[in-house]
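Down below is the structure, laid out as structure tokens.
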């Protein structure tokens, strides 16, 4: 009966089974007391069968519990199961000794060995020495210490909490562990957004580890579902604190208090201190990342101001200079005819300044996701041919090869901006008379536009950054090729907001090919809606 109650310390035992064991114990006791020795073989066999059945249930119950537990608790349950099995075998030997008295010395020796084994097994299971518990818990402790650096580098605090809770539960062989963090605004400990019941916050208030044994079902568990689901009766807790701040509390929950030992207070303090180190490391990593982000933002701002000032200065200088020249001529001879060359130069520099300002505005719209307007079905071949006709003077070296009916849903002005940027770059970075080839074709379910030149190319180490803001390849001479490094950044943003992608294939000194891929439209889809007249 006592051993069944020991089983009940670790797992739930049906009440009906407890009553049946009690009745069997009373009947066995009455039979042994009431019947004078020697006991009839039938009585001996009956008593032994009763004890074997009880101990067999104990062994099975501990084996079953071991399957659903972890860490030190699993090892304790396995030891208890082996001890119960040794008792069963010892009882079987005692039964054989009564039935076969001629070989009783053999059965007595076996019973003594099995009895000793069961005593050692129960001692290890229910009162393991501290050194043995530590040896059982060492793998989980080592695992936590080994992954401390990885945990501190987790993407979020929620991930750290999840992994710490799992590691702690494994080390103590408990069903569940919780980490409650202190909410400075609410002035309380919170788990998953809910306030921790005061009965579990003793370690936080006292700032030392504690073992709580109570019926948590009496606590309002609606706020903390883990208590209700687990039907917890014991909790081991320790504060998570550093010298400078109190972070929270580490709690290990169990349905039965015998899962814990007083020596576990030292271990949970170790886990709580390690958790504090991890949380502090996470805070330092986040602060470092924030500082680096601010430094990077400041660097980008400086790069932008330097690049913008340099590129805006050139056309502004040209405009001011030409305006001053025209002013002096007008002052010297008001009746002189207009300087057409000077006016053309003034207009050219004004357009250049306008383009730079529009690029800066496009960057702002792109980052706010408002760059793309209304889209229509466009034949990309016709669109590129139309652009070539408009820019006939500058696009003399451009050869266009287009498959028929390569149609996509696009914001026409913005997609023209993409093509213009790619072609203008190809012309700028390749010397006459080398041609620039624009190819429009179907590629599976996509519409593909490729712009190939035979220019200076892009070094391999720069290709990963060529679509970033203000980036220019290291083989670009700023004195020969003016620019802010925004064109490709804007072009890729336009393509991506169309649901497409953009990439480059290049090698230094051998030219570049920029590819634009968009979801293609079938003829049936494109027919009802056509592009507007140009």
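Every number in this text was worked out from the coordinates using simple rules, so none of it is lab data. The structure presented is a predicted model; accordingly, all values stated were derived computationally and were not measured. Here the Cβ positions follow ideal geometry from the backbone for every residue, glycine too, while neighbour counts run over all protein chains shown.
Structure notes:
- Cβ-based exposure ranking for 469, 187, in which fewest neighbours within 10 Å come first: 187, 469
- Cβ crowding within 10 Å, taken as a proxy for footprinting-reagent exposure, orders 269, 249 from fewest neighbours to most as 269, 249.
- Mean projected area (nm²) of the alpha-carbon convex hull when the range 376-526 is viewed from all directions: 8.6
- Descending by average beta-carbon neighbour count within 10 Å, the peptides 159-169, 106-116 line up as 159-169, 106-116, the highest first.
- The fewest-to-most ranking of 429, 57 by surrounding Cβ atoms within 10 Å reads 57, 429.
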